[in-house]
Amino acid sequence: MLLLAILLGYENGLGQADRFIYDNLVKATQRPAPPDVVIIAIDEFSIASLGRWPWQRRAHAQLLDILTEAKAKAVGMDIIFAEPQYFSDDDALLATAIANNKRTVLPVLIERTPTGLQPTLPLPSFRQAANSLGHIHFTFEADGVVRGVYLQENLHGVSWPQFALAVFNAGKGKATHNLASKISDDFPDTNLSNILEGDHLARIPYAGAPGHFKMISYIDVLSGKIPASFFTNKYVLVGATAAGIASTFATPVTTDHEAMSGVEINANVLTGLIEDRSISTAARWQTILFTLLSTSLALLACRYFSPFGALGLTLFLASLISALTYGAFLEELWIPPSAAILMVVIVYPLWSWRRLEAALAYLSEEFARLNQTTTMVLRHANEAVRIKNSDYLDRQIAAIRIAANRSRDMHQFVIDNLNSMPDATLVLSQTGDILMYNRIARDYFATLNLDKTKTPTLEAIFSRFDMPQEAGTKHADWREALLHSTPGNTAVEIETRDMNKREFLIKSAPSRMTDGSMLGWIVSLIDVTSLRAAERRREESLNFISHDMRVPQSSILALIQLQRNPSTAFEIPEFLNRIEKSVETTLNLADDFVHLAKAESQSYQLQDTDFSSLLAEAADDMWAFAHSKSISIVVQAEEVENCWLNVDRSLVIRALGNLLSNAVKFSPKGSEIMCSAKPVHTSSGSVIVCNISDHGKGIADADRTAIFSPFLRADEQDHDGVGLGLAFVKMVVERHHGSIEVSSILGQGSTFTITLPCVIG
């Protein structure tokens, strides 16, 4: 109990309950409005007389001139003058009137924009003429009620006093021309959610409800109905109260059917400053001590007094706490009392019935667990209730304990089996609410950006999946698709993809009780991404074998048929050359296919080797082919002679050879192929960057992605092959934790860039 009291005291009460008490104390301590605070209201009558809002600023200039002549103590113009007014010299007139007054305060409005919070400032001419600027930002508590303001707010390193504080200082003859009144309109584009700061949070000592302060219509001042002398030596606040243009707020002194305008709230803040009245909140340790002392007295009463005496003392303590809270509030100190009252009230019944409540709670808890689980016995099969010299309650508790142990064993058995399943599995209620899910499902939810600490809903999970065609239209409901019975209670199977483009087979099967009644649903999310990818690769391979491998063989058979007919026969050298070309094509395709399969396998023979030797060997292998086309291969790899890689040497040489072979194949005769390599050192380690550049026809932008895919290639009409060579290169590089990129300009050539991590260098 004492720990609970400390905790509630540390949290400074019970939130809404304390706010309710605070608001009623504020209402109970209302006081007359001071005579030296006057509000000039922009009300419905003034708008009807002067026309639609906003008015021409010469009207505001005229009002300020009247207040200047009357020698008002200070003027707070709660009006945003952020935009110029294109009426002759209205802005100049108003700026002159503000400057002549010398004690005019203008507001700063802090608004939320797409780039964060930004201040809305008066025009520069108005800022320079004003005595000071003040922010009109109120502080809302959790229930949306304005109970306090920050007397100082900082934004972008610029500090503004609260509007009423600025008016109060102006009335005291204190000009606050600081950075806030001289800044430019250009504020940095910054996320201000982390920059807006407030200092000196003060609770507002409300003097009364809306309409409590002396309020004069704006038009009555302009028309002379109110003599100028009335405003002599008074604080004057000018602001909107008319519906539609006035910002209104909930306050402790308002009701559900009314609200208070911002200018009236500022009048209450100003009144508190004038009267040197403020309401401070008790420190956390004071609230803890207050709550702990009250709880301790209640516990002592329950321990040492009779039940009737303890009840009487409990009621007395609750009354005493209320009286002390009211007395402290009159002394301008707010101590949240709800935690202390609550603890005093609950101590008595908890102490009186604690033993009986403990027994009943235990029985209730065990019965609930028993009803939620199956009666399958995993242990305690022969255990019996044999308690001698015990009363009825003890025997019942013992029986429930045995049954509960059996139920918990079964529950744990189910959980263990659920977690052992290889696929993400959900256990749903009849209505589709998620009751349980296994570890694989929990880990998978994290990949869907779902909160791991909360049980997600069925809609939250499957909103990350494509809606299957089988379920109906694109607006079909996943719940409806999964939770419906099929003939023979067979599982519903839906194949779809998630937001990460992973392919899943969703199975939903009903779960029934022994009497046939519906118990719930079991939904499995089976990841078939690898399976479907393998099926696609198999299909591509079959197409490759059935088409691309057969074409050269068919060409050979056709040549043989032609050769048998003397009228269509080729010369023997030409005949042999054609057959040789078809055979070489077949062998190259088979060789590429085998190497790609090896690259995709796990049987890499890794060894430490220097990259310069790999590149030199690959260039040597391609020398004869390049020489046949009068093409030179230039290797510049001196910088990487001391850089070593941990790679499968034969596969990397083959990959480099494929790139060089393509470069020779697509380069014109007499051109040059440049092979360069250099080390690059980064914070995460060293890498080797190798560039192989040719002067061929280049690769179109649309083909740059396709060239690395198996069975796809660019420039398909000019050259033989099915695109296995670059797919092999990409596979080898990525399996060695590297990367490959291509840059190309049509008609000028291409450059392939390989990056591989170093182990030494």
- Query: Just for segment 59-69: of the residues that are under 15 Å from Y218 (Cβ atoms) and of a type outside the set (S, T, N, Q), which one is nearest to the chain's Cα centre (by Cα)?
  - Reply: H60
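Okay, residues lined up against (1) among the hydrophobic types (A, V, I, L, M, F, W, C); (2) assigned to a helix (DSSP H, G or I); (3) in contact with a Pro (Cβ under 8 Å, 6 or more places away or on another chain); (4) buried (at least 16 other Cβ atoms within 10 Å of the Cβ):
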position: R442; (1), (2), (3), (4): no, yes, no, no
position: F445; (1), (2), (3), (4): yes, yes, yes, yes
position: K454; (1), (2), (3), (4): no, no, no, no
position: E459; (1), (2), (3), (4): no, yes, no, no
- Restricted to segment 461-478 and to residues being modelled with pLDDT under 80 and part of a loop (DSSP other than H, G, I, E, B), the residue farthest from the chain's Cα centre (by Cα) is G472
- Task: Determine whether M513 is surrounded by fewer than 14 Cβ atoms within 10 Å (Cβ to Cβ), modelled with pLDDT under 75 and assigned by TED's automatic domain parsing to the domain that holds N449.
- Result: yes
- Task: Considering only residues that are closer than 18 Å to Q62 by Cβ and acidic (D, E), look in segment 77-96 and name the one that is nearest to the chain's Cα centre (by Cα).
- Result: D78
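For (1) outside the structural domain of P337 (by TED's automatic domain parsing); (2) surrounded by fewer than 16 Cβ atoms within 10 Å (Cβ to Cβ); (3) at pLDDT below 80, each residue gets a yes or a no:
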position	(1), (2), (3)
A298	no, no, yes
S306	no, yes, yes
L311	no, no, yes
A323	no, yes, no
- Query: Quick one: which of G262, G244, G239 is under 37 Å from the mean Cα position of the chain (by Cα), within 22 Å of V221 (Cβ to Cβ) and buried (at least 20 other Cβ atoms within 10 Å of the Cβ)?
  - Reply: G262
- Message: Can you find a residue that is modelled with pLDDT of 90 or more and among the charged types (D, E, K, R) anywhere in segment 250-262?
- Response: no
- Message: Where the second residue is of a type in the set (V, I, T) and surrounded by 20 or more Cβ atoms within 10 Å (Cβ to Cβ) and the first is closer than 10 Å to G698 by Cα and lies in segment 730-748, which pairs have Cβ atoms under 8 Å and are six or more apart or on separate chains?
- Response: S744/I699; L746/I699
- Query: In segment 216-236, which residues are surrounded by 20 or more Cβ atoms within 10 Å (Cβ to Cβ) and either at pLDDT below 90 or assigned to a loop (DSSP other than H, G, I, E, B) (or both)?
  - Reply: K234
- Any hit, segment 673-680, residues being surrounded by 20 or more Cβ atoms within 10 Å (Cβ to Cβ), closer than 23 Å to Q605 by Cβ and not polar (S, T, N, Q): yes
- Conditions: (1) touching a strand residue (DSSP E or B) at 6+ places or on another chain (Cβ under 9 Å); (2) free of Cβ contacts under 8 Å to residues at least 60 places away in the same chain. P114 meets all but one. Number of the miss? (1)
- Note on the structure: Residues of segment 285-333 being outside any helix (DSSP H, G or I) and farther than 30 Å from R31 by Cβ, in sequence order, are F305, S306
- Among the residues of segment 19-67, count how many are outside the structural domain of S223 (by TED's automatic domain parsing) and in a helix (DSSP H, G or I). 10
- Message: Quick check on E584: is it among the acidic types (D, E) and at pLDDT 70 or above?
- Response: no
- Tell me, which strands (runs of 3 or more DSSP E) lie completely within segment 109-212 with 1 or more residues that are at pLDDT 90 or above and under 38 Å from the mean Cα position of the chain (by Cα)? 132-135, 146-155, 158-161
- Check A283 against each of (1) over 43 Å from the mean Cα position of the chain (by Cα); (2) free of Cβ contacts under 8 Å to residues at least 40 places away in the same chain and name the one condition it does not meet. (1)
- Do you know which residues across segment 100-126 are under 18 Å from Q152 (Cα atoms) and surrounded by fewer than 23 Cβ atoms within 10 Å (Cβ to Cβ)? L109, I110, E111, L117, Q118, T120
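The values are calculated or read from the model by the stated rules, or taken from the named source; none is laboratory data. The structure displayed is predicted, hence computed values, not measured ones. Here Cβ is always computed from backbone atoms with ideal geometry, including for glycine, and neighbour counts include all displayed protein chains.
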